[in-house]
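Here is the structure we will look at.
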Amino acid sequence: MHQLELRNITKTFGSVVANNNVSLTLEKGEILSLLGENGCGKTTLMNMIAGIYYPDSGSILINGEEVSIKSPIDAFNHGIGMIHQHFKLVDVFSATENIVLGYKEEGRFNLKKSAIKVKEIADKYGFIIDPKKKIYDMSVSEKQTVEIVKVLFRGADILILDEPTAVLTPQETRKLFDVLRKMKEDGKSIIIITHKLNEVMEISDRVAVLRKGEYIGSVNSKETSESQLTEMMVGKKVELNIDRTEPKDPKDRLIIKNLSTIRDDGLPGVRNIEFTARSGEILGIAGIAGSGQKELLEAIAGLSKIKSGTIEYINPENEEIVNLCLKSPRQIRDLGVRLAFVPEDRLGMGLVGNMDLVDNVMLRSYEKGKLDLLDRKTPGKLTDQIVKDLEVVTDSVNTPVRRLSGGNVQKVLVGREIASVPKVLMAAYPVRGLDINSSYLIYNLLNEQKENGSAVIFVGEDLDVLLALSDRILVLNGGHITGIVDARSATKEEVGLLMTKSVVVEEE
Amino acid sequence: MVEFLFQAIAIAVIFLLGCVGEILTEKAGHLNLGIPGIMCVGAAGGILGVVIANNVNGVLSIFCAILFSIIFAAVAGGIYAFLTVSLRCNQNVTGLALTIFGNGFSSVFINNIIKIEGEGGKGALLSEAGNKFFLAHLPFADSLGGFGKIVFGHGFLTYFAIAIAVAAAVVLAFTRIGLNLRAVGESPATADAAGINVTKYKYVFILAGSSIAGLGGLVYVMQYMGGIVGAELAGTVEGIGWLCIALVIFTLWKPALSILGSFIFGALYIFPSFVNVFFPDVTFTFAQLKLFPLIPYVVTIIVLVVTSLMGKKENQGPASLGVSYFREDR
């Protein structure tokens, strides 16, 4: 009998199939790793066990009995606890207050008694926790501890951890793994979602692999290798019908040396990045989500804090070298640097949802009007052109952008950026959420820019597309470059391994 | 001096009820700017209750007044709750609209539905109820001199209000319900994930807060004014209501502190009337006297600046105050 069994689980969001006919088992006292690329449905699957989503079809069995988990409370009652990637804690509450929140215990409400119980659980598994400490005073690792204790406090037998090590230092990870092993000895069953192959090999008894919402299979950690897992994870290469021309007369356009950035929360962003982007070439950037793609592009666009390093732009007209470091986007533009940026957060950073198409297109040229009056005519013409060329489906150019579908929003954004005839075009996940036709349209636009002599930097998540579209692929992991490969000769496995390869860094 | 302290406490009760009501609402994550209007509505309800009880006896009169005051205020609060919780309307706009509505409604209701003056007017009945029942105090208060008057010389509702404030403080700090409520105001998504019925908590505490604030209106008209209903009633109650919202910030969202805070605000509020007691040699112009009621607002701004500078998270308002909660947003 299995501690937990999933049978033929299917879950769709609109037309997107997140999980397709997934069956999975978990034994008592086992640590199971759930491995897969971004968007392969790992978290969705686990959320169904934790009661956040409800499956469209299929069944969940606990100890051989079919159960229906409709809410997190149901999950708790069945002894299931999930530690989400984004912690759900109240900042001004103490550890104990957060742990007992929403828990209906017998007897009087007594925080002191609960604090003692928290301490007991912590001692049993080797956690270090101060029950009285407020969450806002805690480090990420301490907050995670609170989340885990919260689940144990409710007597969970099945623990699901969603990428628990993503936010931890190597030392903290080691401590977490010690705790997980103690829980396993105590008979708890654990599912851990992760991308990191070395951790999979280290902690888990068995590995289950998902790819594009489907269950691929499971193997015992002892009998497998990293390369076998990578192959299961990325699958066989799919041929895509994307034209790729040879770069014409490539010239260095952007030279980045020794670049390190600091994120808004004070943590390091990318570290020691060195690469060159050339004109007439598409440089693909691959990596697990959150490996530093966003930080890197924002650093080039002048949007993030740069700790050290240089970003040199070589002006194609006069071969002049301009250092873009520590300059605002406006200063960069005033220097004559033709940089276009298609950010990943379309309606957050790229466009203003409540404004119409013309006004959005005008964001790049609103200063050009005579006197202080706005010139809406020129952008209006440009918008008509974009709508026509890119086949944007909209009632009129005066429709607020937020009413358009994702694909059309993206077309407006890309169209606007391309209209500025950029010499460097950066696009982050430009096809995310788009259907096949729109995706191909965007690929063709990128190719067009490449042929026009722009240096195109393309951050993607689909390895097949990256391999088919790019000339070179730069792979990021944990803010470091783990490799730059030739996209024409590289294999999917090669890139997959680089994406999961850990870089050992000396702690500063 | 005795009279000053006595009057300060008498008006402070209204501040206390409005403030505690608003604290409970804000702890659920809702900034209810409709509180001034709800207090007006509560006053109108109270008057209706007294008229219905028809001065048969004191207990019935006070009971009916409280009952109708709460019903009226809860209905007004219910409108606010439905709009902001279920329909997720902007809380500030909804609250302001409710205040404007409450002010107008109570004027119309009191002057046209319950006719106060003229033939068949209820003015006499109300002032009799005010004097005989609402201002009735413990008999031994008079024998204790000044101290007795200040401490025991108030009507029943004064002590009822303090009991409500203490109860609110205890519930917030020491009970599971209080913990859940604070979680709802701080981070509704977290509360939801922990299995707390966020919508239910918001409704219950918006309604409870409105009811308590509504009693503030009742205290003003029947106890502080002794049942004398004038045309300026709604305007004055609304003004006090705004001070109650400022008082919430002044007392750092703590019902226990609000007992002290409302006394301070009460003292500052009536200070202009007693200015000659404190400064017998100085003559103030009318304009200068009008400056004194501003002091509470200035003090509130100072408190806001100081607590922000200290940056202690416990002394700030609930983190999700004013933010509508959609479960699908997670």
Strands (runs of 3 or more DSSP E) lying entirely in the range A:251-345 (those with 2 or more residues that are within 19 Å of the chain's Cα centre (by Cα) and not polar (S, T, N, Q)): A:281-286, A:339-342
When restricted to B:PHE63, B:PHE72, B:PHE15, B:PHE6, the only residue in contact (Cβ under 8 Å) with a residue 60 or more places away in the chain, farther than 30 Å from B:ALA189 by Cα, in a helix (DSSP H, G or I) and more than 18 Å from the chain's Cα centre (by Cα) is B:PHE6
Restricting attention to the range B:171-190, report how many residues are small (Gly, Ala, Ser) and at the interface with chain A (Cβ under 7 Å from one of its Cβ atoms). 3
What are the residues in the range A:461-503 that are touching a Pro at 6+ places or on another chain (Cβ under 8 Å) and modelled with pLDDT under 90, if any? A:GLY479
Return only the number of the condition from (1) at pLDDT 90 or above; (2) surrounded by fewer than 24 Cβ atoms within 10 Å (Cβ to Cβ) that B:ASP192 does not satisfy. (1)
All helices (runs of 4 or more DSSP H) inside the range B:101-199 with 1 or more residues being over 30 Å from B:GLY322 (Cα atoms): B:123-129, B:145-152, B:156-174
Determine whether A:GLY64 is among the small types (Gly, Ala, Ser), in contact with a helix residue (DSSP H, G or I) (Cβ under 7 Å, 6 or more places away or on another chain) and over 17 Å from A:ILE192 (Cβ atoms). no
Which condition does B:LYS312 not pass, out of (1) loosely packed, with under 15 Cβ neighbours inside 10 Å; (2) over 20 Å from B:ARG182 (Cα atoms), if it passes all the others? (2)
Within the range A:7-50, restricting attention to residues that are farther than 15 Å from A:ARG206 by Cβ and of a type in the set (Ser, Thr, Tyr), which residue is surrounded by the fewest Cβ atoms within 10 Å (Cβ to Cβ)? A:SER15
Across the range A:398-418, what is the total count of residues that are surrounded by fewer than 20 Cβ atoms within 10 Å (Cβ to Cβ) and either in contact with a Pro (Cβ under 8 Å, 6 or more places away or on another chain) or in contact (Cβ under 8 Å) with a residue 40 or more places away in the chain (or both)? 5
Taking the options A:ILE158, A:ILE116, name whichever one is in the same structural domain as A:MET48 (by TED's automatic domain parsing), modelled with pLDDT of 90 or more, in contact with a Gly (Cβ under 8 Å, 6 or more places away or on another chain) and β-branched (Val, Ile, Thr). A:ILE158
Selected residue [on the phi < 0 side of the Ramachandran plot, without any contact (Cβ under 8 Å) to a residue 12 or more places away in the chain, more than 11 Å from every other protein chain (Cβ to nearest Cβ) and within 31 Å of the chain's Cα centre (by Cα)] from A:SER33, A:SER68: A:SER68
Select from the range A:92-146 the residues that are small (Gly, Ala, Ser) and loosely packed, with under 14 Cβ neighbours inside 10 Å and write down the one among them that is farthest from the other protein chains (Cβ to nearest Cβ). A:GLY126
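The values are calculated or read from the model by the stated rules, or taken from the named source; none is laboratory data. Quantities reported herein were computed from a predicted structural model and do not represent experimental measurements. Reconstructed Cβ throughout: ideal geometry from the backbone, glycine too, with neighbour counts over all protein chains shown.
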